[in-house]
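The values are calculated or read from the model by the stated rules, or taken from the named source; none is laboratory data. Note that the coordinates shown come from a computational prediction; the quantities given were computed from them, not determined experimentally. As a convention, Cβ positions derive from the backbone with ideal geometry for all residues, glycine included, and neighbour counts pool all protein chains shown.
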Amino acid sequence: MRLLIKGLGLAAAVALASPAAAAGLCGGIGDHGQWIGGAEAGSDITTVSDYQQQMALVLADSTYVALFSTSAPTDVRVEAEGRGGGNPAITLYDASGAVMLTDDDSGGNGSARGEMTLQPGTYCLEMHSVSNQPMTGFVRVSRGDQEALTTGASDMGNTDLGNSQPSDQSSDMGTGDTSSSDGSSDMAAGDGSCTDATNAAALGNGPIDGQLGDGVTGSASADATPFWRFTLDQPQAVTITAKNENADPSITLYDSTGGYLADNDDFDGLNSRIDMSSPLPAGNYCIAVQALTDTTLPIDVKVARFDPAEALRASYDRGEAAPPLDGSYPVTDLGPLGARMRTDIRNTDKAEWFTIRISEPGIITIDAISTDGNGDPSLGLFDDLGRTVAKNDDNGNSLDAQIIAKVNPGLYMIAVQDLNGSGQGFTRLAMERFVPAQ
């Protein structure tokens, strides 16, 4: 059975001895987390005098969770960097368990990084190994005025762990999947920024507040229109999308002075999306658009009103959060899991959800296998409260996925998704249960 060593604090291993926050934090993700500053009192990023960092050993099929808080609205940077070729990915959750951001490569050299303005509250930063191999890594949480751990996706040179120079060129602000594995974040605050003086195409005629219900759209190639501008008369929470998978768009949002607000790449397949769930103040805003594959293809850019229900449903579709079991979202009940169970699922980039029932404590193995070898399945296992038990993609040297987890009696939810998104072929979901010898 694969186990997790939860974390080793850099300062006298205090994190191991310090209790985590109240049970259920971040939808249960933080139940076994460690305060990034060694204790709750030292983990308020708003007030700490320097960055807070921990070293963690993460074994296969495991995650490490760092806890921190903010006592006032704060520009926060979250980072993870692996040692010896380790490739970490991070997910940031708020206290309710909602995903704030995820990232894989925006720190450069396989490191993960994200930046956003966080409101007062407690947060959980989860790190796992992308390759599903054992990994030692550093996790750092800091303010924008403190030293960064990573160099940023725009700097693909050598990175000395723990000695990275501060960089503001690899931010992943905004919610949803902000992975930037191919350098899309080099548009953050710097040469690619956009101000009121930048030549940008207008989205809408004047303030677009009244048009956010249906959304305001524009379409052009990144070569022809690298910047789009819009204006708000009132504070508004908005969703910004850029679509054309053949172009592989990446987007960055700036305020009127060129101040960096958020960026995203590959939120929905190769399409991009930024959810500004906290209302943007009235004013002018600019969207910088890059095409990472073909700069001549048209990219459809849209600004619409942020819909919390739609955003939550999208997280179910991506297999990131477990849906409710009230019939409002399709979930297939597979019944009690005996010694072994198997079912075939048609490949889709939208997660398929299943429930199983476990009658006694033991260990289960769950495999998602591409039947024709052309798929790229991923797996997620959640308990009946929607807390993440385990996730996996690319088990070993294979694109197939596998989870091995210790379980107690109860109901569990399983998400299966094909990351290729071709809609062709099938994924075989196979489960086995093992119980302790009597």
key: Test result for residue 69, assigned to a strand (DSSP E or B), in the same structural domain as residue 48 (by TED's automatic domain parsing) and either in contact with a strand residue (DSSP E or B) (Cβ under 9 Å, 6 or more places away or on another chain) or at pLDDT 85 or above (or both)   = yes
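Do you know which of the residues in the range 388-418 that are of a type in the set (A, V, I, L, M) and more than 18 Å from residue 63 (Cα to Cα) is surrounded by the fewest Cβ atoms within 10 Å (Cβ to Cβ)? Even if it seems obvious, please write down each step before you answer.
Filtering the range 388-418 for residues of a type in the set (A, V, I, L, M) gives 389-390, 399, 401, 403-405, 407, 411, 413-416.
Now drop any that are not more than 18 Å from residue 63 (Cα to Cα), which leaves 399, 411, 413, 416.
Working: 399: 20, 411: 14, 413: 21, 416: 23.
Only one residue tops the list, namely 411.
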request  = Answer yes or no as to whether residue 367 is at pLDDT below 90 and of a type outside the set (S, T, N, Q).
outcome  = no
note = Being among the polar types (S, T, N, Q), out of contact with any Lys or Arg (no Cβ under 9 Å at 6 or more places or on another chain) and either crowded, with 21+ Cβ neighbours inside 10 Å or closer than 16 Å to residue 53 by Cβ (or both) narrows 142, 111, 131 down to just 111
note = The residue that is nearest to the chain's Cα centre (by Cα), considering only those in the range 89-131 that are at positive phi and not in a strand (DSSP E or B), is 97
key: Number of the condition not met by residue 385 [criteria: (1) crowded, with 22+ Cβ neighbours inside 10 Å; (2) aliphatic (A, V, I, L, M); (3) assigned to a loop (DSSP other than H, G, I, E, B)]   = (1)
query = Among 280, 325, which is modelled with pLDDT of 90 or more and either under 29 Å from residue 235 (Cα atoms) or of a type in the set (Lys, Arg) (or both)?
reply = 280
Options 302, 350; residue that is outside the structural domain of residue 228 (by TED's automatic domain parsing) and closer than 28 Å to residue 212 by Cα = 350
request  = Tell me which residues, restricted to the range 365-377, are touching a residue at least 40 places away in the same chain (Cβ under 8 Å) and surrounded by fewer than 22 Cβ atoms within 10 Å (Cβ to Cβ).
outcome  = 365, 367, 369, 370, 371, 372, 374, 376
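Surrounded by 18 or more Cβ atoms within 10 Å (Cβ to Cβ), over 17 Å from the mean Cα position of the chain (by Cα) and not in a loop (DSSP other than H, G, I, E, B): does that describe residue 41? Step through it out loud before you land on a result.
Working: surrounded by 18 or more Cβ atoms within 10 Å (Cβ to Cβ): no; over 17 Å from the mean Cα position of the chain (by Cα): yes; not in a loop (DSSP other than H, G, I, E, B): yes.
The answer is no for residue 41.
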message = For the condition free of Cβ contacts under 8 Å to residues at least 40 places away in the same chain and among the small types (Gly, Ala, Ser), what is the one hit in 351, 401, 430?
response = 401
request  = Return the residue satisfying two criteria in turn: it lies in the range 75-97 and is closer than 19 Å to residue 264 by Cβ and touching a helix residue (DSSP H, G or I) at 6+ places or on another chain (Cβ under 8 Å), and of such residues it is surrounded by the most Cβ atoms within 10 Å (Cβ to Cβ).
outcome  = 93
task = Filter the range 98-115 down to residues that are touching a residue at least 60 places away in the same chain (Cβ under 8 Å) and small (Gly, Ala, Ser) and give me whichever is farthest from residue 143 (Cα to Cα).
result = 98
query = Within the range 279-333, can you find the residues that are of a type in the set (Val, Ile, Thr) and closer than 18 Å to residue 194 by Cβ?
reply = 287, 289, 295, 299, 301, 303
